[in-house]
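The values are calculated or read from the model by the stated rules, or taken from the named source; none is laboratory data. All values reported here derive from a predicted model rather than from experimental measurement. Positions of Cβ are generated from backbone atoms using ideal geometry, with glycine treated the same way; all protein chains shown enter the neighbour counts. Side chains are part of the model used for accessible areas, which takes the heavy atoms of the whole protein and leaves out ligands, DNA and RNA. Shrake-Rupley method; radii C 1.70, N 1.55, O 1.52, S 1.80 Å.
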Amino acid sequence: VQLQASGGGSVQAGDSLSLSCIGSGRWFSSCGVGWFRQAPGKDREFLAAIKWSGDSPLYVDSVKDRFTISRDNAKNTVYLQMNSLKPEDTAVYYCAAQSWSRGASPHIYEYEYWGQGTQVTVSS
């Protein structure tokens, strides 16, 4: 079971980035997936999560008007579209999956599989 996150980079404030999380195996399309981030010296925080079906996504308030989570189960991929990026969005971004649940959860402890992280740097 592997998750691979990609799409990070260095951008200017106001720019957009699209992150991708590819999961190995057919199970990935049946599980809930979340995106998290961790800035230097800070705890890992929840950003967004999506059910196996793709409906009713969850967002943390700080990003819900700028970030969009979606998935393409035919490609075993979950996306995080990030718009209007701010310097405070600078962090390593992680995707995670919970194979035991098809739902969307904001709780980090419910995710058992994690990608390696992709760096997002936003300069002012």
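What's the number of the condition residue 51 fails, among (1) farther than 15 Å from residue 104 by Cα; (2) touching a residue at least 40 places away in the same chain (Cβ under 8 Å); (3) among the charged types (D, E, K, R)?
Looking at each condition in turn, residue 51 falls short on (1).
Could you say which residue among 114, 100 is more than 14 Å from the chain's Cα centre (by Cα) and hydrophobic (A, V, I, L, M, F, W, C)?
On the way: 114 fails: more than 14 Å from the chain's Cα centre (by Cα).
Among 114, 100, only 100 is more than 14 Å from the chain's Cα centre (by Cα) and hydrophobic (A, V, I, L, M, F, W, C).
Please work out if residue 94 is modelled with pLDDT of 95 or more, under 12 Å from the mean Cα position of the chain (by Cα) and closer than 16 Å to residue 23 by Cβ. I'd like the intermediate steps shown before the answer.
Working: modelled with pLDDT of 95 or more: yes; under 12 Å from the mean Cα position of the chain (by Cα): yes; closer than 16 Å to residue 23 by Cβ: yes.
Yes, satisfied.
State whether one or more residues within segment 38-46 are basic (Lys, Arg) and either in contact with a strand residue (DSSP E or B) (Cβ under 6 Å, 6 or more places away or on another chain) or not in a loop (DSSP other than H, G, I, E, B) (or both).
Yes, segment 38-46 has at least one match.
Sort out which residues of segment 14-46 are open to solvent by 20 Å² or more (accessible area, probe 1.4 Å), closer than 14 Å to residue 91 by Cα and either touching a Ser or Thr at 6+ places or on another chain (Cβ under 7 Å) or small (Gly, Ala, Ser) (or both), and write them in order of number.
39, 41
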